[in-house]
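A.B. asks: Below is a structure I'd like to ask you about.
The values are calculated or read from the model by the stated rules, or taken from the named source; none is laboratory data. What you see is a predicted model; the values in this text were computed from it and never measured. Neighbour counts run over all protein chains shown; Cβ positions are idealised from the backbone, glycine included. Calculation scope for accessible area: heavy atoms of the full protein, side chains included, ligands and nucleic acids excluded. Shrake-Rupley method; radii C 1.70, N 1.55, O 1.52, S 1.80 Å.
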Amino acid sequence: MDADVAVIGTGTMGSMALWRLARAGIDAIGFEQFGVGHDRSAAGGESRIFRTAYKEGPEYVPTLLRAYELWRELEAESGRDLLTLTGGLMIGDLEEGGMRNVLASIERFGLSHEILDGTQMAGRYPQHTLFPGEAAVLDRLAGVLRPEFAVISATLRARRLGARVISGTPVVAVEPSSDGVTVRAGGRDHRFAQAVITAGPWTARFAPELARHVSPRKIVMTWYMADDPAAYVPAAFPIFIREHRGVGMFGIPSLDGGSVKVALSDTYGDVGEADDLDHNVAPGDLATVNEAVAACLPGLVPQPIRVSAHMDAYTTDKHALVGALPGARNTWLLGGFSGHGFKMAPAFGQIAADLVQHGETTLPIDHLDPGRFLTA
């Protein structure tokens, strides 16, 4: 055996899995086709949101709370600042499905929050324009994550704890059998007792039976210049998520003293093959987000000064694939996070380590079972 466990892909989830495996004393090797901290998939773009009042469903809250603890743990172990709490505004109609999930998360788990009507928002957060029927829920345990720093920090910490990383080496195949797992990479066969597949947009390559239900999609990040930069610093401008006239968007305070990240929650279409992501963004593709910025954030110039393209794997129900690879008892799949996995990454790293060690985890993942698509 080359090691106890192979981790296929050391981006968002793989770096955290490698860290938690190494921290548990498990001999692990990570395979990375690019370099540590690369921006070829979902982890780039300077910033990501952390939040706990969760519009995707209250079933995620225990994982989010564990992720918060682990973000702080990784900061302590790495000596890097990775999560800045700013609070988070969830804006919309309180009767709409996503906002109802936000309120259900708060009620079920006693999350610290405040509900603000239009008048209160105008007084406290005048950067936003609210329209009739809209309100905001302030999630106090929310803020900004630094994705590139986080991936690098987890990987470096894993290495210091004894893990190894083979970078610049695409994995050709992962072949589970009754006596272990063969990983074909770098012109040779590597043998492991178990494997964890954290391949991001390449998930379907290693789980072909799920290919109809998971595919890479293009994500575009956009930054806008503020008329008054001081109004958009982290202390004054919480992260936000809102739905306006059928357009979902999110925003993050300025980290560079002038530009504010505001982008669509939706994707910019299927990529096809993950190797073929086109990083170019046509000006016409930005019309929807520019119009939303003009309507909802009048203090921003509604044409972006910076644009970057990324991708993530999306499932047909927009919930991840976490559990045993179908047909294998020694290979675990974590993929298809559908654009909302980064905030929970260290908790999913812990879940991967739990599955390797015990075949189960105490965190709720039943709704993420990959097998749900094969029995539907």
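A.B. asks: With both partners inside the chain, how many of the DSSP beta bridges are antiparallel, as a percent to the nearest 5? If you can, show how the numbers build up before the last one.
C.D. replies: Details: 54 of 74 bridges.
Rounded to the nearest five, the antiparallel share is 75 percent.
A.B. asks: Just need the relative contact order of the chain here, percent rounded to a whole number, with Cα pairs under 8 Å and 6+ apart. Don't jump to the answer; show the numbers that get you there.
C.D. replies: Numbers: 886 pairs, mean separation 88.9, N = 376.
For the chain, the relative contact order is 24 percent.
A.B. asks: What Kirkwood Rh does the stretch 233-376 have if only Cα atoms enter the pairwise 1/r average? Answer in Å. Don't skip to the end; give the middle numbers.
C.D. replies: Values: mean 1/r = 0.0559 Å⁻¹.
Evaluated on the stretch 233-376, it is 17.9 Å.
A.B. asks: Could you work out the pair-distance distribution P(r) of the stretch 163-259 from its alpha-carbon pairs, with 5 angstrom bin width and percents rounded to whole numbers?
C.D. replies: Distribution as computed: 2, 9, 13, 13, 10, 9, 8, 10, 11, 8, 4, 1, 0 percent.
A.B. asks: What residue among Leu70, Met225, Leu161 has its Cα farthest toward the positive end of the dipole of the chain, where the charges are +1 on Lys, Arg and -1 on Asp, Glu, each on the Cβ?
C.D. replies: Leu161
A.B. asks: So what's the angle, to the nearest 10 degrees on a 0 to 90 scale, between helix 345-358 and the longest Cα principal axis of the chain?
C.D. replies: Tilt relative to the chain: about 30 degrees.
A.B. asks: Same structure again: Quick check for me: using +1 on Lys/Arg Cβ and -1 on Asp/Glu Cβ, what's the dipole size of the stretch 100-181 about its Cα centre, in debye to the nearest 20? Could you put the intermediate results ahead of the total?
C.D. replies: Values: 9 positive and 8 negative charges, 91 e Å.
Charge dipole of the stretch 100-181: 440 debye, to the nearest 20.
A.B. asks: If you average the sequence gap of Cα pairs under 8 Å that are 6 or more apart and divide by the length of the stretch 75-194, what percent do you get for the contact order?
C.D. replies: Values: 149 pairs, mean separation 30.7, N = 120.
Computed over the stretch 75-194, the figure is 26 percent.
A.B. asks: So how compact is the stretch 94-194: Cα radius of gyration and Dmax in angstrom?
C.D. replies: According to the Cα coordinates of the stretch 94-194, Rg and Dmax are 24.0, 65 Å.
A.B. asks: Place a +1 charge on the Cβ of each Lys and Arg in the stretch 134-234 and a -1 charge on the Cβ of each Asp and Glu, then give the dipole magnitude about the Cα centre in debye, rounded to the nearest 20.
C.D. replies: 540
A.B. asks: Please report, as a whole percent, how much of the solvent-accessible surface of the stretch 1-148 comes from carbon and sulfur atoms (probe radius 1.4 Å).
C.D. replies: Numbers: 2490 of 5420 Å².
Carbon-and-sulfur percentage of accessible area, whole number: 46.
A.B. asks: Order 31-39, 69-77, 215-223 from most to least packed using the mean count of other Cβ atoms within 10 Å. Don't skip to the end; give the middle numbers.
C.D. replies: Values: 31-39: 19.1, 69-77: 16.4, 215-223: 22.2.
Per-residue Cβ counts within 10 Å, averaged per peptide and sorted highest first, yield 215-223, 31-39, 69-77.
A.B. asks: Test of understanding: what is the full-extension gain from Leu94 to Ser167, defined as 0.36 nm times their sequence separation minus their Cα-Cα distance?
C.D. replies: 21.6 nm
A.B. asks: A further question follows. For the stretch 269-326, report the accessible area per residue in Å² (1.4 Å probe, heavy atoms, rounded to an integer).
C.D. replies: Details: 2630 Å² over 58 residues.
So the stretch 269-326 comes to 45 Å² accessible per residue, rounded to a whole number.
A.B. asks: Taking Cα atoms, how many degrees apart are the long axis of helix 147-160 and the longest axis of the chain, rounded to 10 and kept between 0 and 90?
C.D. replies: 30
A.B. asks: Report the charge-dipole magnitude of the chain in Debye, nearest 20, computed about the Cα centre from +1 at each Lys and Arg Cβ and -1 at each Asp and Glu Cβ.
C.D. replies: On the way: 33 positive and 44 negative charges, 137 e Å.
Roughly 660 debye, rounded to the nearest 20.
A.B. asks: Determine the per residue accessible area of the stretch 145-256 with all protein chains present and a 1.4 angstrom probe, expressed in square angstrom.
C.D. replies: Values: 4530 Å² over 112 residues.
That works out to 40 Å² per residue.
A.B. asks: Give me the percent of the accessible area of the stretch 184-323 that comes from carbon and sulfur atoms, probe 1.4 Å, all protein chains in place. Mind showing how you got there, number by number?
C.D. replies: Values: 2860 of 5630 Å².
Taking all protein chains in place, the stretch 184-323 shows 51 percent carbon and sulfur surface.
A.B. asks: Rg(Cα) of the stretch 58-152 divided by 2.2 N^0.38 Å? Write down the numbers at each step before the final one.
C.D. replies: Values: Rg = 15.4 Å, N = 95, 2.2 N^0.38 = 12.4 Å.
Rg over 2.2 N^0.38 Å, computed on Cα atoms: 1.24.
A.B. asks: What fraction of the Cα pairs in the chain, stated in percent, has a spacing above 40 angstrom?
C.D. replies: 13
A.B. asks: If you don't mind, there's one more thing I want to ask. Label points 7 Å out from Cα along the Cβ direction at Asp179 and Ala236: separation in nm?
C.D. replies: Label-label distance for Asp179 and Ala236, simple model: 6.8 nm.
A.B. asks: Just the accessible area per residue of the stretch 12-70, please: how many Å² with a 1.4 Å probe? Can you show the working numbers first?
C.D. replies: Details: 1540 Å² over 59 residues.
Accessible area per residue, the stretch 12-70: 26 Å².
A.B. asks: Then there is this: With labels modelled as points extended 7 Å from the Cα through the Cβ direction, what inter-label distance (nm, one decimal) is found for Arg108 paired with Thr362?
C.D. replies: Between Arg108 and Thr362, the simple spin-label model gives 1.9 nm.
A.B. asks: Taking only Cα atoms, what is the 0 to 90° angle, nearest 10, from helix 61-78's long axis to the longest principal axis of the chain?
C.D. replies: 80
A.B. asks: Sticking with this structure for a sec: Can you give the Rg/Rh ratio of the stretch 1-66, where Rg is from the C-alpha atoms and Rh is the Kirkwood radius?
C.D. replies: Details: Rg = 14.7 Å, Rh = 13.9 Å.
Taking Rg over the Kirkwood Rh, I get 1.05.
A.B. asks: How much FRET efficiency would the formula 1/(1 + (r/R0)^6) give for Asp2 and Phe34, where r is the Cβ-Cβ distance and R0 is 22 Å, rounded to 0.05?
C.D. replies: Values: r = 21 Å, r/R0 = 0.96.
Once the sixth-power term is evaluated, E becomes 0.55.
A.B. asks: Using the basic label-point model (7 angstrom from Cα toward the beta carbon), what is the Asp285 to Asp317 distance in nanometres?
C.D. replies: Each label point lies 7 Å from its Cα, and together they span 3.0 nm.
A.B. asks: If the reach is capped at under 18 angstrom between alpha carbons, list the aspartates and glutamates near Lys261, excluding any in the same chain fewer than eight residues apart.
C.D. replies: Result set, ordered by chain and number: Asp39, Glu46, Glu148, Asp227, Asp228, Glu243, Asp285, Glu291.
A.B. asks: To check my understanding: the extent here is largest minus smallest coordinate of the Cα atoms along each principal axis. What are those three numbers for the stretch 1-138, in Å, largest first?
C.D. replies: 63, 30, 27
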